[in-house]
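Colleague: I'd like to ask you about the structure that follows.
The values are calculated or read from the model by the stated rules, or taken from the named source; none is laboratory data. Here the structure is a predicted model, which is why all the values come from computation and not from measurement. Cβ placement follows ideal geometry from the backbone for every residue including glycine, while neighbour counts extend to all protein chains displayed. SASA here: full protein model, heavy atoms, side chains in, ligands and nucleic acids out. Shrake-Rupley method; radii C 1.70, N 1.55, O 1.52, S 1.80 Å.
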Amino acid sequence: MIKRFTSLFPLWAIILSIIAFAYPAAFSPYKDAITPLLGVVMFGMGITLSANDFLLVLKRPGVIVLGTSMQYILMPLIAFILSHILNLPVEIMAGMVLLGSCPGGTASNVICYLAKGDVALSITLTSVSTLLAFILTPALTWLYIGQAVPVEIGSMMLSIVKIIIVPVALGIIINTLFDDHIERFRHAFPALSVATIVFIIAIIIALNKDNILVAGKLVIVAVILHNGLGFAGGYFISKALGLDEKDARTLAIEVGMQNSGLSVALAVKYFSPLAALPGALFSIWHNISGSFLAYRFSK
């Protein structure tokens, strides 16, 4: 039952988004809860990891470097180019670039499994890009939009350490030390993460009801293109460089799926609720598109 709930993440996200759009007053007061809620999600990610999940870095450094490089080169660049082509407002452009500069999303591991990719490689890529985020996410955001809006690099680094590094590290430590004791509860953490992310999305939708009515369609187009080009770039570049089908599928999913929850939390804190809109919409869309891609790959 819990696994079923987790697998229906896109449905819950859509339902709660509709409710939040219709009754924004029920969710908007929880704006300040976004950051601690994301910490809960990251802790849930950490508690599913162990030190062994990072050993693949030593065994296959080339593919790890390639996947991580594409994650942090392609996605912010695509976001920046799309923002200019679509002539997006500065705040939304900031949100798009911030989204593109975030590490891989935790949902990518599930999608990779469904797509018959290399799940161990997916977990390692997500973990490595997440640990590098405290440096690369603020730096890339500043690089692309620092001329248009102020980017507090140092403060953003500290926020990422608090939101991601500390909860993930704590989760890994607890999983390593108390593995046998938490085994019976481990399956509940993905469901908790899903419920938490869905609530975060609802808060952002509630805060942006008026903005969605004005700029919603354009942002949706930008998010769909961003995600799709990420999938395509990750897959075809991998194939062009000689990776096999299984690895190419894995890198496509890792590159195309972002930690949109992190982008939402950082956008609200350092830019505005409007800047968080791309991340909120991406949270819904990349799970829908990822599920469809997994179905196609599995066939």
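Colleague: Looking at the range 116-128, which of its residues are in a helix (DSSP H, G or I) and touching a Phe, Trp or Tyr at 6+ places or on another chain (Cβ under 7 Å)?
Modeller: VAL119, THR124, SER127
Colleague: If you go through the range 165-172 one residue at a time, do you hit one that is assigned to a helix (DSSP H, G or I), open to solvent by 20 Å² or more (accessible area, probe 1.4 Å) and not aliphatic (A, V, I, L, M)? Quick ask: steps written out before the conclusion?
Modeller: Going through the range 165-172, the residues assigned to a helix (DSSP H, G or I) turn out to be 165-172.
Within this subset, residues satisfying the condition of being open to solvent by 20 Å² or more (accessible area, probe 1.4 Å) are 165-166, 169-170, 172.
Narrowing the set further to residues that are not aliphatic (A, V, I, L, M) leaves none.
No, every residue in the range 165-172 fails to be assigned to a helix (DSSP H, G or I), open to solvent by 20 Å² or more (accessible area, probe 1.4 Å) and not aliphatic (A, V, I, L, M).
Colleague: Do any residues in the range 54-80 that are touching a residue at least 24 places away in the same chain (Cβ under 8 Å) have Cβ atoms under 6 Å from those of residues that are of a type in the set (D, E, K, R) and open to solvent by 70 Å² or more (accessible area, probe 1.4 Å), where the two are at least six apart or on different chains, and which pairs are they?
Modeller: Matching pairs, first to second residue: none at all.
Colleague: Take ALA22 and tell me if it is surrounded by fewer than 21 Cβ atoms within 10 Å (Cβ to Cβ) and farther than 20 Å from PHE134 by Cα. Break it down stepwise before answering.
Modeller: Numbers: surrounded by fewer than 21 Cβ atoms within 10 Å (Cβ to Cβ): yes; farther than 20 Å from PHE134 by Cα: yes.
Taking the combined requirement at face value, the residue satisfies it.
Colleague: May I ask you to verify whether TYR23 is farther than 30 Å from SER122 by Cα and among the hydroxyl-bearing types (Ser, Thr, Tyr)?
Modeller: yes
Colleague: Between a residue in the range 114-138 that is under 14 Å from GLU245 (Cα atoms) and any residue that is among the aromatic types (Phe, Trp, Tyr), which pairs come within a Cβ distance under 6 Å, given they are 6 or more apart or on different chains?
Modeller: Cβ pairs passing all conditions: ALA115/PHE297; VAL119/TYR113.
Colleague: Check LEU11, LEU99, LEU86 and return the single one that is open to solvent by 20 Å² or more (accessible area, probe 1.4 Å) and closer than 30 Å to SER238 by Cβ.
Modeller: Going through LEU11, LEU99, LEU86 in turn, the sole match is LEU86.
Colleague: Restrict the check to the range 253-273 and report whether at least one residue is touching a Cys at 6+ places or on another chain (Cβ under 7 Å) and more than 17 Å from VAL97 (Cβ to Cβ).
Modeller: yes
Colleague: If a residue must be part of a helix (DSSP H, G or I) and touching a residue at least 12 places away in the same chain (Cβ under 8 Å), how many such residues does the range 174-188 contain?
Modeller: Total meeting the criteria: 6.
Colleague: Considering THR124, THR48, THR130, which residue is surrounded by fewer than 24 Cβ atoms within 10 Å (Cβ to Cβ), hydroxyl-bearing (Ser, Thr, Tyr) and touching a helix residue (DSSP H, G or I) at 6+ places or on another chain (Cβ under 7 Å)?
Modeller: The match here is THR48.
Colleague: Return the residues of the range 285-299 that are at pLDDT 80 or above and among the polar types (S, T, N, Q); say none if nothing qualifies.
Modeller: SER289
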